[in-house]
Amino acid sequence: MKSIGLQAYRFSLSWDGILPNGTVEGGPNQEGIEYYNNLINELLVNGVKPFVTIFHFDLPEALKREYVGFLSPKVVKDFVAYADVCFKHFGDRVQHWVTINEPLSYSLGMMAPGQCSKWMNLNCTGGDSATEPYIVAHNLLLAHATTVKLYREKYQAIQKGKTGTAHVSQWGIPLSDSKQDHKATRRGMDFMLGWFMDPLATGNYPRSMRAIMKKQLPKFSKEESKMLKGSFDFVGLNYYTTFYVSNAPPSNPLFSSSTTDSRTNASRKQFTETKSTIYTIVKRNS
């Protein structure tokens, strides 16, 4: 990294590598602490800034068995306690903390933790795609905000670091100039980036999500909303591709999920074909 001039290196910590049982009872794993101390020190010696992600999908199995992980509000307390250990042992040398990486991906179930409805025909089992994504997302957001609150109150004045999140979102382009497709595109972004960014910016979920999901979408208390709003010093964004978006009717309640609740159709194929056509035209005219 030093030889090619990299100035920063982002890596994630292993929750159960630091707290084998997922909780602070029994104390941290000293071998895990030593491993990350050595890594951070080596980066700094070589002029590379460590950007540390606290959580990147790897929930301790013990917490999965005890209370089904992020499906339970109990996880917030354990997550914050884990983050506290990280700040205590590494914060004197780490200036940039990413609390949670791609909360959207984790909440969908099709990636980690691999839990979704059978009808989705994905490599995940034993879940309910109509309800669980919203519960998991809610607890992820509260875990993030409570962690930032802890850092600001206990560590930031001394360690001078910053906290933020790293989101994932695609971009949407209306398939047509119709008002319906334009609204669908904005709605699709609400159910993707807005789902996690709006609470951090405004203290609540996007209006379109609240209008569609109603009681199915968990609510923040006044205290939680206040804690969420502004709970970031920076925002990371992982972007992969773009889709053409069109309006879609409400999904069948028997086959409902957070990916269909936005009432949108998204096509990457059409976008890819358009890019290919544009490239061909430019190439011919060059």
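Read-outs: derived from the displayed coordinates by stated rules, not from any lab. What you are looking at is a predicted structure, and each value in this text was computed from that prediction instead of being measured. No Cβ is skipped: glycine too gets one built from the backbone with ideal geometry, and neighbour counts run over all protein chains shown.
Residue 214 to residue 37: extension gain in nm, 0.36 nm per residue of separation minus the Cα-Cα distance? Length difference between fully extended and current span is 59.1 nm. Measure up 64/118; 77/215; 64/149; 2/154; 74/154 against 27 Å on the Cα-Cα distance and list the ones that go over. The answer is 2/154. The mean sequence separation of alpha-carbon pairs under 8 Å and at least six residues apart, normalised by the residue count of segment 8-285, gives a relative contact order of 17 percent. Here 102, 66, 34 are placed in order of increasing Cβ neighbour count within 10 Å, fewest first, which gives 34, 66, 102.
When 182, 56 are arranged by Cβ crowding within 10 Å, least crowded first, meaning fewest neighbours, the order is 182, 56. For the chain, leaving out every one of the chymotrypsin sites (Phe, Trp or Tyr not before Pro) that falls in a DSSP loop and has at most 12 other Cβ atoms within 10 Å, the longest unbroken run is 1-238. Annotation: cysteines of the chain without a disulfide-compatible partner (Cβ-Cβ under 4.7 angstrom) are 86.
Residues 93, 187, 268 in ascending order of nearby Cβ atoms (within 10 Å, fewest first): 268, 93, 187.
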